[in-house]
Amino acid sequence: MLPENIHNREIRLSLRSHGMPNPNNFALVGLPLPASQADKVLVKNRWFRVSISTRLMMSVEAEEVKGIPFPPLKIGDTLADAAIGQVIEAPTESGLTPGDFVMHPYGWREFASVDSQQCVALGKEIHDPAAYLGHGWTAYAALTQGIQIRNGDTVFVSSGAGAIGSMAGQIARRLGASKVIGSTGSAEKAHWMREQLGYDATIECGKGTIAAQLQLSAPEGIDVFVDIVGGEQLEAAVSQAREHARYILLGALSAELADKQSTKIAPVEIDSFALIVKGVTLKGYSADENPEVFNRWIDQLGHPDWKDIHFASSLYQGLDSAPQALDDACSGKARGVVLVAL
């Protein structure tokens, strides 16, 4: 049981954003703890993820964009994202007991009342929270279910220092890739990617064209492209495709992080004839298509060859820091998955 003087806090949308989010878009609200309910699990959150997609969900443009995978937030809504917390109270039939760690979709608050079916039991101890809240399992699903890595492949990963890209390069290597190339936005991140994440070569946006840099890094072409950006990077990847190359599209940050407004539209001009002649596979994919892979991913981390994998993350302390964490994620200052510790 919790002391009677414990209260909850959560962050709500107070004003839709134009361009990059700012502190005026958020309201930190204090309120009583969620009331006990027979079918609910009361969870004290310990960490939650901050995702770039939140920028689109809270933007003015979100109301105008139809069919986006992330529903637009309304004024007054509490923001949400994946979280890990510890059980305070749980229904007997849930199989959960106080102190158990669970993952659920209600971050951006200190306490959450969650349907037991929405809780993923993690046990009494967990790995690095980034192993669960990060996008390692997204990259793992993409490279084992969406497409397959073959021994000797040359792999190009756009946004190689981001939440998905920082894991995709490492996973591709462990699945058999012989050369891994990643793009990023600064020399500092490029150095970190080579030293910490094991990328063989890096491409810096703004330091010449992506196509020219990719041609230098992979003069014989690429076999696999893990795309989180779209735009010029997808165009360049098509120009460097080998025969029977496999491309998997996981995001379109060129649209979500556009300077003036966030959008779901990411136009690009590519050589479709090259796709036909070379037999290139171009596939859009979401790890939600294969949710069962999450448990395989956690099990895979116990393999001797995978125990040294680096879970790249940027950690912020306290609920108050979440708006700044989102700003850093969207502006490219953060590395890996962005987490807030409570």
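The values are calculated or read from the model by the stated rules, or taken from the named source; none is laboratory data. Since the structure is predicted, the reported quantities are computational estimates derived from the model, not experimental observations. Cβ coordinates were reconstructed from backbone atoms using ideal geometry, including for glycine residues, and neighbour counts include every protein chain displayed. Surface areas here come from the heavy atoms of the whole protein model, side chains and all, with no ligands, DNA or RNA. Shrake-Rupley method; radii C 1.70, N 1.55, O 1.52, S 1.80 Å.
Answer yes or no as to whether residue 312 is in contact (Cβ under 8 Å) with a residue 60 or more places away in the chain, touching a Leu at 6+ places or on another chain (Cβ under 8 Å), on the phi < 0 side of the Ramachandran plot and of a type in the set (Gly, Ala, Ser). Please lay out each step first, then the result.
Values: in contact (Cβ under 8 Å) with a residue 60 or more places away in the chain: yes; touching a Leu at 6+ places or on another chain (Cβ under 8 Å): yes; on the phi < 0 side of the Ramachandran plot: yes; of a type in the set (Gly, Ala, Ser): yes.
Criteria met by residue 312.
Just to be sure before I move on: is residue 268 in contact with a Leu (Cβ under 7 Å, 6 or more places away or on another chain) and at pLDDT below 95 in the structure I sent? Before you say what the answer is, go through the steps one by one.
Values: in contact with a Leu (Cβ under 7 Å, 6 or more places away or on another chain): yes; at pLDDT below 95: yes.
Considered against the rule, which asks whether it is in contact with a Leu (Cβ under 7 Å, 6 or more places away or on another chain) and at pLDDT below 95, residue 268 comes out as yes.
Out of everything in region 124-142 that is more than 26 Å from residue 320 (Cβ to Cβ) and assigned to a loop (DSSP other than H, G, I, E, B), what residue ends up being modelled with the lowest pLDDT?
127
When you check residue 154 against the structure, is it at pLDDT 95 or above, over 14 Å from residue 223 (Cβ atoms) and not small (Gly, Ala, Ser), yes or no?
It is false that residue 154 is at pLDDT 95 or above, over 14 Å from residue 223 (Cβ atoms) and not small (Gly, Ala, Ser).
Condition check ((1) surrounded by fewer than 21 Cβ atoms within 10 Å (Cβ to Cβ); (2) part of a strand (DSSP E or B); (3) modelled with pLDDT of 95 or more; (4) out of contact with any Cys (no Cβ under 6 Å at 6 or more places or on another chain)) across all residues:
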| site | (1), (2), (3), (4) |
| --- | --- |
| 226 | no, yes, yes, yes |
| 232 | yes, no, no, yes |
| 238 | no, no, yes, yes |
| 245 | no, yes, yes, yes |
| 255 | yes, no, no, yes |
| 258 | yes, no, no, yes |
| 263 | yes, no, no, yes |
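Restricting attention to region 209-224, and to residues there that are assigned to a loop (DSSP other than H, G, I, E, B) and open to solvent by less than 20 Å² (accessible area, probe 1.4 Å), which single residue is nearest to residue 275 (Cα to Cα)?
Filtering first and then ranking leaves 221.
If you go through region 88-98 one residue at a time, do you hit one that is aliphatic (A, V, I, L, M), open to solvent by less than 20 Å² (accessible area, probe 1.4 Å) and in contact (Cβ under 8 Å) with a residue 60 or more places away in the chain?
no
Run down 176, 206, 160 and say which single residue is assigned to a loop (DSSP other than H, G, I, E, B) and touching a helix residue (DSSP H, G or I) at 6+ places or on another chain (Cβ under 7 Å). Break it down stepwise before answering.
Working: 176 fails: touching a helix residue (DSSP H, G or I) at 6+ places or on another chain (Cβ under 7 Å); 206 fails: touching a helix residue (DSSP H, G or I) at 6+ places or on another chain (Cβ under 7 Å).
Checking each option against the conditions leaves just 160.
Need the failing condition index for residue 205 against (1) at pLDDT below 95; (2) farther than 26 Å from residue 272 by Cβ, just the number.
All conditions are met except number (2).
Filter region 54-80 down to residues that are open to solvent by 20 Å² or more (accessible area, probe 1.4 Å), modelled with pLDDT of 85 or more and under 17 Å from the mean Cα position of the chain (by Cα), then give me how many there are.
Residues meeting the conditions: 2.
How do the pairs read when you match residues in region 99-123 that are over 22 Å from residue 320 (Cα atoms) and touching a residue at least 40 places away in the same chain (Cβ under 8 Å) with residues anywhere that are polar (S, T, N, Q) and surrounded by fewer than 23 Cβ atoms within 10 Å (Cβ to Cβ), using Cβ under 6 Å and keeping only pairs 6 or more apart or on different chains?
Between residues of region 99-123 that are over 22 Å from residue 320 (Cα atoms) and touching a residue at least 40 places away in the same chain (Cβ under 8 Å) and residues that are polar (S, T, N, Q) and surrounded by fewer than 23 Cβ atoms within 10 Å (Cβ to Cβ), the close pairs are 101/86; 116/94.
So which pairs qualify, if the first residue must be in region 161-184 and in contact (Cβ under 8 Å) with a residue 12 or more places away in the chain and open to solvent by 10 Å² or more (accessible area, probe 1.4 Å), the second must be of a type in the set (Asp, Glu) and part of a helix (DSSP H, G or I), the Cβ gap must be under 7 Å, and the two must be at least 6 apart or on different chains?
Taking only residues 6 or more apart or on different chains, the pairs are 174/305.
For residues that are open to solvent by less than 70 Å² (accessible area, probe 1.4 Å), under 30 Å from residue 240 (Cβ atoms), outside any helix (DSSP H, G or I) and not polar (S, T, N, Q), tally how many sit in region 284-333. Break it down into steps so the answer makes sense when it comes.
Restricting attention to region 284-333, the residues satisfying the condition of being open to solvent by less than 70 Å² (accessible area, probe 1.4 Å) are 284-287, 290, 293-294, 297-298, 300-302, 306, 309-314, 316, 318-319, 321-323, 325-332.
If we keep only those that are under 30 Å from residue 240 (Cβ atoms) too, we end up with 284-287, 290, 293, 297, 300, 306, 309-312, 329-332.
If we keep only those that are outside any helix (DSSP H, G or I) too, we end up with 284-286, 290, 309-312, 332.
Filter again for not polar (S, T, N, Q), leaving 284-285, 309-312, 332.
Adding up the residues that qualify gives 7.
Can you tell me which residues in region 2-11 are open to solvent by 70 Å² or more (accessible area, probe 1.4 Å) and at pLDDT 95 or above?
Our first condition is that a residue be open to solvent by 70 Å² or more (accessible area, probe 1.4 Å); within region 2-11, this holds for 3-5, 7, 9.
9 - this is the single residue of region 2-11 that is open to solvent by 70 Å² or more (accessible area, probe 1.4 Å) and at pLDDT 95 or above.
Answer with yes or no whether residue 188 is among the acidic types (Asp, Glu) and crowded, with 16+ Cβ neighbours inside 10 Å.
For residue 188, the condition - among the acidic types (Asp, Glu) and crowded, with 16+ Cβ neighbours inside 10 Å - is not met.
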